[in-house]
Amino acid sequence: MDPIIEIEEKAAAFIKQQGGVVTVRFSPRHGCCGGTSRIAIAETSTPKETSTFECHQMEETTLWIAPELTYQGLRLRVEGWWKLQRLFVDGAPLRAGH
């Protein structure tokens, strides 16, 4: 069975350094002509409304993830250098918004 989400080693170290909690969710992005896309993002925090997320313990990480993003072959990665590092979701499909 595929993992819930793959977390690369550098991303796991970054999450641990930031407190050990990560949330993976859709975030709306608005286009210039009125369209909206929902992009998968990762944040090192607990979601404001936990009831709409699945919670999983993965080694030293607490993962909060939107149910529609589980088992999709996604990967958490980190990019940037030094204090400018950030998490991102790789392999994430775009979804049309409302």
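Here are the numbers for the structure shown:
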| item | result |
| --- | --- |
| Whichever residue in the range 14-54 is at pLDDT 95 or above and small (Gly, Ala, Ser) and, among such residues, is surrounded by the fewest Cβ atoms within 10 Å (Cβ to Cβ) | SER51 |
| Residue that is farthest from GLU8 (Cα to Cα) [pool: residues in the range 68-89 that are of a type in the set (A, V, I, L, M) and either under 15 Å from the mean Cα position of the chain (by Cα) or surrounded by 12 or more Cβ atoms within 10 Å (Cβ to Cβ) (or both)] | LEU69 |
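The values are calculated or read from the model by the stated rules, or taken from the named source; none is laboratory data. Owing to the predicted nature of the structure, the values given are computational and were not obtained by experimental measurement. Note that each Cβ is placed from the backbone with ideal geometry, even for glycine, and that neighbours are counted across all protein chains shown.
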